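The structure under discussion appears below in the form of C-alpha cells.
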Amino acid sequence: MKPKISGFFILSLIFASLVWSQYSFDLSCLSDTVQIVEPNGVANFRFQLTNTGSLSDVYGIICVVLESVPGWFASLCVRGHCVLPGSIIYDSLNVGQSDTTIDISVYSNQTPGREILSLNVRSLGDPTQKDSIRVYTQVGPGIGENHLPLTAGRCPLKIYPNPFKPKTFARFILNSYKASGELKIYTISGKLVKFINSNPSEADFIWDGRDQTGQFLPPGSYIVTFTNDDKIIAMKSIVIIK
C-alpha cells in the first residue's frame with residue numbers, strides 16, 4: 001500500500017520553496033585573491049556582500065584556515081568588529097544593500113610559505129544559500145626587497161584566472177605599459193622556469209602552465225615578474241591547482 005501524502009504537507013513544501021526563493025546574495029572579492037607580501041608584511045583582502053533577494057536577511061560570515069604557516073596571524077573584520085579565523089560574525093542587510101567592510105588580513109613573519117584562507121558566507125533566511133571565496137598569501141625565498149627590488153614606476157600586472165588549472169590558459173595583462181621586456185615565472189625557491197619575450201605592441205600574454213622545456217609544472221604557487229632593462233616593473237603570484 002502506497003503511503004498517502006497529505007495536501008497540507010504539499011502546501012507546506014510549496015510555501016517553504018516560495019519563501020526561500022526570496023533569499024539570495026552575491027559575494028565578490030574587491031582585491032586580488034592572490035597576494036605576495038614581504039617578510040613581516042600584511043596582505044589585505046576586501047569583499048563585498050550584497051543582498052540580491054526580495055527580503056531582508058542576516059548572514060553568517062566565517063574565515064576558515066585551509067593551509068597555514070607557523071607564526072602567521074590572520075583576522076576577519078566586518079563593520080569594524082574583528083575576530084580570529086573560526087569565529088562567526090553576523091551581518092544584517094536590507095534588500096539591495098551592500099556591505100564593503102568585510103576584510104581578511106594576513107600578517108606574515110620571517111617564515112616563508114603560503115597561507116590559504118576561505119571566506120564562507122551563509123544566509124540565515126535560507127541556509128541552502130551559501131558561497132565562499134579562497135584567498136592566497138605568499139612569502140618565499142627571493143621575494144624580499146633585497147632580492148627582487150621593484151621600481152617606483154612599476155605598472156600593475158593583472159592575472160586572470162588566478163588560480164588556474166594546467167592545460168587551460170592564464171592571461172597576463174600589462175595595463176598602459178608600452179615597452180619591450182620579459183615576463184618571467186619562478187618557483188617559490190627562486191628557480192626560473194619560464195620566460196616570454198614581449199614587444200611594445202603587446203599588452204597581454206597567455207600561459208598554459210608549461211615550463212621552458214614544454215613540461216607541465218606541478219600544482220603550487222609561482223612568482224610572475226615583468227622586467228625591462230633588468231628592472232622589475234611588476235610582480236605577482238600565480239597559483240596552479242589540480
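Across the range 110-120, in residue order, what do the Karplus-derived ³J(HN,Hα) couplings come to in whole Hz, using 6.51 cos²θ - 1.76 cosθ + 1.60 with θ = phi - 60° and x for Gly and Pro?
7, 7, x, x, 9, 10, 10, 10, 10, 8, 10
Out of residues 5 or more away from Q22 or on other chains, whose amide H comes under 5 Å of its own, with H placed 1.01 Å from N in the peptide plane?
none
In whole Hz, what ³J(HN,Hα) sequence does the range 38-44 give by Karplus (6.51, -1.76, 1.60; θ = phi - 60°), x for Gly and Pro?
6, x, 6, x, 10, 10, 10
Taken together, the values in this text are just the output of simple stated rules run on the coordinates, not laboratory data. All values reported here derive from a predicted model rather than from experimental measurement.
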